[in-house]
1. Identify all residues within the stretch 345-371 that are within 16 Å of the ligand (Cβ to nearest atom) and free of Cβ contacts under 8 Å to residues at least 40 places away in the same chain; write none if there are none.
2. In the list 235, 273, which residue meets the criterion of being within 13 Å of the ligand (Cβ to nearest atom) and under 18 Å from residue 195 (Cβ atoms)?
3. Say we look at the stretch 193-210 and pick out the residues that are open to solvent by less than 10 Å² (accessible area, probe 1.4 Å) and not aliphatic (A, V, I, L, M); which of these is farthest from residue 125 (Cα to Cα)?
4. If we scan the stretch 376-393, do we find a residue that is in the same structural domain as residue 312 (by TED's automatic domain parsing), in contact with a Cys (Cβ under 7 Å, 6 or more places away or on another chain) and open to solvent by less than 10 Å² (accessible area, probe 1.4 Å)?
5. For the stretch 315-329, which residues satisfy the criterion of being within 10 Å of the ligand (Cβ to nearest atom) and either buried (at least 20 other Cβ atoms within 10 Å of the Cβ) or under 14 Å from residue 287 (Cβ atoms) (or both)?
6. For the stretch 289-314, what are the residues that are open to solvent by 10 Å² or more (accessible area, probe 1.4 Å) and within 13 Å of the ligand (Cβ to nearest atom)?
7. It is to be established whether one or more residues within the stretch 30-45 are closer than 29 Å to residue 148 by Cβ and free of Cβ contacts under 8 Å to residues at least 12 places away in the same chain.
8. Residue pairs, Cβ under 8 Å, 6 or more apart or interchain, first in the stretch 242-257 and surrounded by 15 or more Cβ atoms within 10 Å (Cβ to Cβ), second basic (Lys, Arg) and not in a strand (DSSP E or B). List them.
Amino acid sequence: MNKNDEIILEITSTSTEGFGVGKHGGIAVFVPNTAEGDVALIKILKVKKTYCYGKLLELKTPSPSRTEPDCATFLQCGGCAYRHITYTKECQIKSQKVYDCIKRIGGIDLPPEPIISANNILGYRNKAQLPFAQNHNTGFYALHSHRIVETENCLLSPQVFNEIAATTSRWAKKYNISVYNEAANTGLLRHLYLRIAKATNEIMVVLVINGSDIPFKEELLCELKKFTALKSIGLNINKMQTNVILGNTCKTLYGQDYITDILCGVKIRISALSFYQVNRDMTELLYKKAAEYAEPKNKNILDLYCGAGTIGLSMADAAKSVTGVEIIPEAINDAKINAQENGLTNTTFICADATVAANDLNNQNYKADVVILDPPRKGCEEQLIKTVATGFAPKKVVYISCDPATLARDAKLFDSLGYKLVKYTPVDLFPRTHHIETVALFKKV
Ligand code: SAH
């Protein structure tokens, strides 16, 4: 196959990123904006050794899973991957993707339990990080790029986020505040970072800036205070030439430096720097499944990568004890206050690297009945898994993962250390995007 070739292709599967995939002469062709079941005229854009990228020219026979995309910037912005197919089909693809990883990377042929799908696929996000474009509008990055696609009305965000973004853009335009330029590391405004606690409707607004302060502060505060649900306005200082969005320092300009949500009946305080799952309603279902797997009653629970303590705290009432470990100091501070505020006195929170803390706890003879792992996308370090499996050697490990590929890799290591993957459930925390969360149960054999 050559660049600019035009071929008729039947789409038979879906890639990790949500592209349709078809085979042409044994070569896989990846085509955005196509769906399993489509037959389409494709133009080849890029030829690699073992695969190609193509562009959809004309649909010959549309897939029965297709629906009309409902967003003007669908596939321009890097957010949604599946606005062109039904949600039922999306869930089927996601479930299959997790299964494929477990089988192919993990070497374990065990189908998943039924996916827990979302009732609400619109406006579910409780957090948005919107880069400022040079014209002061906000948007989202295009896929694999830092090109900003201006977006006035993101369908995954609550409407109030769009309104706050518009208000902030107007202020930035009016006073001609400089916008950050990544290549030159100049300009002030980097991102608008928004959070809402869905159970209480409390809102936090943070301006991420390449500087120490903003001009025309009172003017901005005056505009933002019109949103009565706003409980916290602050600055985040990020002067580094990096694509990491948040810097380490926050300054409060108005109100508190946190908002409060309620999750699984527990009051959760969230600071700007604390991780908090972006879909509250689905997180409740995820934690419920995690508790079903963990059976926390009278157990000593070790919650590694605990963030603001949310998972452990949701089980603390039933558990004998909960020990949480997390690397971000602000999150651990939140976790400790969250435990206190909810009267959960059987909890300990440690600010440390999970691998180091696990090793220390093991050396101090700490006994865990259940270990919960909820690492970032890159998964767990080998050493941590070894400490868990051969040190603590709990009856059960409950692993929550936002990347099925690293979950599968880690499942393989657990398997080799005598921990069998017993069951796992995909939970759709991120409808319409290609992301999928999974909770898995390992048992000692
Ligand atoms: N369990 C929490 C957070 C999960 S996200 C929840 O459900 O909300 C993963 C967390 O791991 C983040 O809070 C991140 O700050 C933390 N983290 C990342 N690297 C870490 C490390 N090496 N050691 C400990 N925690 C880490």
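The values are calculated or read from the model by the stated rules, or taken from the named source; none is laboratory data. Owing to the predicted nature of the structure, the values given are computational and were not obtained by experimental measurement. Cβ coordinates were reconstructed from backbone atoms using ideal geometry, including for glycine residues, and neighbour counts include every protein chain displayed. Each accessible area value is taken on the protein alone, full model and side chains, heavy atoms only, with ligands, DNA and RNA left out. Shrake-Rupley method; radii C 1.70, N 1.55, O 1.52, S 1.80 Å.
1. Once the filter is applied, which keeps residues that are within 16 Å of the ligand (Cβ to nearest atom) and free of Cβ contacts under 8 Å to residues at least 40 places away in the same chain, the stretch 345-371 yields 347, 348, 350, 351, 352, 353, 355, 356, 359, 360, 362.
2. Working: 235 fails: within 13 Å of the ligand (Cβ to nearest atom).
Going through 235, 273 in turn, the sole match is 273.
3. 193
4. The initial filter retains those residues of the stretch 376-393 that are in the same structural domain as residue 312 (by TED's automatic domain parsing), namely 376-393.
Those still in the list that are in contact with a Cys (Cβ under 7 Å, 6 or more places away or on another chain) too: 377.
Among the residues that remain, those that are also open to solvent by less than 10 Å² (accessible area, probe 1.4 Å) are: none.
Scanning the stretch 376-393 turns up no residue that is in the same structural domain as residue 312 (by TED's automatic domain parsing), in contact with a Cys (Cβ under 7 Å, 6 or more places away or on another chain) and open to solvent by less than 10 Å² (accessible area, probe 1.4 Å).
5. Of everything in the stretch 315-329, those that are within 10 Å of the ligand (Cβ to nearest atom) and either buried (at least 20 other Cβ atoms within 10 Å of the Cβ) or under 14 Å from residue 287 (Cβ atoms) (or both) turn out to be 324, 325, 326.
6. First, pick out the residues of the stretch 289-314 that are open to solvent by 10 Å² or more (accessible area, probe 1.4 Å): 289, 291-292, 295-300, 305, 310, 314.
289, 291, 305, 310, 314, listed by residue number.
7. no
8. Within 8 Å, the pairs are 247/239; 253/217; 254/225.
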